[in-house]
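So the structure is just underneath, and the comments pick up after that.
Every number here is computed from the coordinates shown, using simple stated rules; none is lab data. Everything numeric here is computed off the predicted structure, so don't read it as measured data. Positions of Cβ are backbone-derived with ideal geometry, glycine not excepted, and every protein chain shown enters the neighbour counts.
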Amino acid sequence: MRGTRMLARALGVESAVVEEVREEERLGFVVRVRPRREHRGRCGRCLARCPGYDGGAGPRLWRTHDLGLEQAFIEAEAPRVTCPQHGVVVAHVPWARHGSGFTTTFEDTVAWLAVRTDKTTVSTLMRVAWRTVGAIVERVSAAMRVVRPPFENLRRIGIDEVSYRKGHRYLTVVVDHDTGRLIWASPGRDAKTLRKFFRALKKEGREKIELVSADAASWIGKVVREQCPNAVLCIDPFHVVAWATKALDEVRREMWNELRGRGETERANAMKGSRWALVKNPEDLTRKQKRKLRAIEEDNQRLFKSYLMKEQLREIFKTKGSEATYMLDAWLAWVGHSRNEPFKKVARAIKENRAGIDAALVFGLSNARLEASNTKLKLLTRMAFDFHSHAPLIALAMLKLGGLCPPLPRSR
Ligand SMILES: [Zn+2]
């Protein structure tokens, strides 16, 4: 008696009574149980007490934690009940999530590992196929959403898009700026996709949103204005700097073509390999790149000035506050007086989005956090590559970046 109770505890099924233990050649250990009385006769989906329907289709197996080196399974009858809400359903068992062939603690362990380690380690250690890991991660993520609702107390959010599968597909992602957590992701990058998020947030939730940061993608601005009447839209500085970096690239290419066109091959060749010296943050430059930059300063004033324009813009966004808005005015004037067409284009875009950019400067809110989690998300997408749909990828992201990962069973 004492032994069976210990066994139930070891396998994470203390809510059941062990009836029998046997060994089966192809499976390993099979522990036959029945749920304790208080867990019987409940709907598998909503846990409501309901009348029995029939005995179901015979005993079922749930994979649980290995017993030492052997795989172990829980076996029990799976009777059906009639739920007033869900109709005829398989009755709830206290050790597993509805519809799963694994025990809850086994699934939580798989999810915990999937968040922390690589694909091969999870599947080898837990002896489950990677696709099965995907299905488990989806179930755990869905269950944890109920325990820790990601939409609670949202005030300041960031919206962005992230590419996956080598840039062919996109996810729209939403992050809570106050917790730094990913709170929502969905395939697609258009107004229709984003509206799904706001629908899920419901009216009360939408009204509480005070600030939204985003890049200047018009579809984001449009949906935010339509859905969150009380929110200030901040244009993410990161993206504005990215415009300047693109402009700088354009100038560099123009210069190169010009020099080659004039037959100044040597000077043109000297520009080769200068891209990183120009676009990288100065504090990250290698010694060689610093030399390259000095050479550009001496030899190519136009390109060097473009570099300074980009750097000054970066400085402005580092400064933040009202001082930054004055600096931005000065920057616009400087660029306005130049004859640097690519940068004039940036200046025009900044003017068009000025209200949102000023909001970002004044509130000091940026998508930097979002970019950080996007980087993590991209790493995840590599890991999740063999999942054959986006659903397990998003579920894994919600576990890892959304704070939904359950603790390792009994670690508390
Ligand atoms: Zn029900």
>> Cut-off 15 Å, label point 7 angstrom out along Cα-to-Cβ of Leu69: give me the residues of region 10-40 whose amide nitrogen falls inside.
In response: 28-29
> Considering only the other residues whose Cβ falls under 13 Å of the Cβ of Val146, what net charge follows from Lys and Arg at +1 and Asp and Glu at -1?
Replying inline: +4
> What percent does the relative contact order of region 57-162 come to when contacts are Cα pairs within less than 8 Å and at least six residues apart?
Replying inline: 17
>> Looking at the chain as a GNM with Cα springs under 10 Å, which of Lys119, Lys272, Lys351 has the largest mean-square fluctuation?
In response: Lys272
> When the scattering of the chain is computed by the Debye formula from its Cα atoms alone, each counted once and equally, what is log10 I(q)/I(0) at q = 0.07, 0.09, 0.11, 0.13 Å⁻¹?
Replying inline: -0.50, -0.72, -0.92, -1.12
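Normalising by the residue count of the chain, find the relative contact order in percent from Cα pairs under 8 Å and 6+ residues apart.
Result for the chain is 15 percent.
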> Share of antiparallel DSSP beta bridges in the chain, in percent to the nearest 5?
Replying inline: 75
> Which angle from 0 to 90°, rounded to the nearest 10, does the C-alpha axis of helix 368-383 make with the longest principal axis of the chain?
Replying inline: 60
>> Once you place label points 7 Å from the Cα toward the Cβ at Glu20 and Val88, how far apart are they in nm?
In response: 2.7
>> Let me check I have the definition right: for region 1-97, take the eigenvalues of the Cα gyration tensor, multiply each by 5, take square roots. What are those semi-axes in whole Å, largest first?
In response: 26, 14, 11
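For Tyr307, Tyr53, which order do you get if you count the other beta carbons within 10 Å of each Cβ and list the fewest first?
Neighbour counts put them in this order, fewest first: Tyr53, Tyr307.
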>> Between Glu254 and Thr325, how high is the FRET efficiency from 1/(1 + (r/R0)^6) when r is the Cβ-Cβ distance and R₀ = 45 Å? Nearest 0.05.
In response: 0.90
> Using Cα atoms only, what is the angle between the long axis of helix 237-261 and the major principal axis of the chain, expressed in degrees (0 to 90) to the nearest 10?
Replying inline: 50
>> Looking at the chain as a GNM with Cα springs under 10 Å, which of His39, His86, His390 has the largest mean-square fluctuation?
In response: His86
>> Using only Cα atoms and rounding to the nearest 10 degrees, what angle (0 to 90) does helix 354-363 make with the longest principal axis of the chain?
In response: 60
>> Please list, in order along region 106-116, the HN-Hα scalar couplings obtained from phi with the Karplus expression 6.51 cos²θ - 1.76 cosθ + 1.60 (θ = phi - 60°), rounded to whole Hz, x for Gly and Pro.
In response: 5, 4, 4, 5, 4, 4, 4, 6, 4, 6, 10
